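To start, the structure under review is shown below, and the notes come after it.
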Amino acid sequence: MSVMKRLTRYTLVLASVLICADAAYLSGANMRNFIESVRRRALVVYVGSVKEVRFVKRTKFDIKAKAIVAIKAVMRTPGTSPPQGTIEYSSFDEKTPMLEGGPQYQLRPGATVIIFANSFEGSIPRGYLLQGSREELLQRIEALRDVQLSLYDKLTAYLRAVK
């Protein structure tokens, strides 16, 4: 095989790998952008503490669960805020393993959560619930804020520089 044919073949293989890698990156980026857009449009955003967890039913693929959340602070609401909210979500355990890519949570009484939803009662899909210690949640929220600010700083700088 000639050197030129090998070079052409390697170039095509490399181009294919780069295209696939870029597509995977964009897919992940698009999912993050989608989740962020949904969070921005959520009618209700609040911080709470899980009071109680009830297992509703086990399916072939997941566990349907419901949590009662004591509301500690409300960041956004179209009306009055109740003392507690109820969220329905998909969970997993050792008998029912986590689905590839979620959207599943394991909530325990006492866990701190941040919820992005359309009401204080309802189901929570992937990305609409953050859970962790106060420090972990603060770190995640600051990282999300920094990413958004960085993007808008870059856009502002570009638009100011363009004449």
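Among the polar types (S, T, N, Q) and under 14 Å from the mean Cα position of the chain (by Cα) - does that describe any residue in the stretch 130-138? Yes - at least one qualifying residue is present in the stretch 130-138.
Is it the case, given these coordinates, that T156 is in a helix (DSSP H, G or I), open to solvent by 50 Å² or more (accessible area, probe 1.4 Å) and hydroxyl-bearing (S, T, Y)?
Taking the combined requirement at face value, the residue satisfies it.
Within the stretch 44-76, the only residue that satisfies the criterion of being among the hydroxyl-bearing types (S, T, Y) and modelled with pLDDT under 90 is T59. Scanning the stretch 56-85 for residues that are over 17 Å from Q131 (Cα atoms), part of a strand (DSSP E or B) and in contact (Cβ under 8 Å) with a residue 12 or more places away in the chain yields V56, R58, I63, K64, R76. Considering only the stretch 131-142, I want to know if a residue exists there that is of a type outside the set (G, A, S) and within 15 Å of A42 (Cβ to Cβ). Yes, that holds for at least one residue. For the stretch 31-51, give me each residue that is of a type in the set (A, V, I, L, M) and open to solvent by 30 Å² or more (accessible area, probe 1.4 Å). Correct list: M31, L43, V47. Screening the stretch 86-105 for residues that are touching an Asp or Glu at 6+ places or on another chain (Cβ under 8 Å) and assigned to a loop (DSSP other than H, G, I, E, B) and picking the one that is surrounded by the fewest Cβ atoms within 10 Å (Cβ to Cβ) gives L99.
The values are calculated or read from the model by the stated rules, or taken from the named source; none is laboratory data. Predicted model, so just to flag it, every value in this text is computed and none were measured. Cβ sites come from the backbone with ideal geometry, for glycine too, and all protein chains shown count toward neighbours. Areas reflect the complete protein model, heavy atoms only, side chains present, ligands, DNA and RNA absent. Shrake-Rupley method; radii C 1.70, N 1.55, O 1.52, S 1.80 Å.
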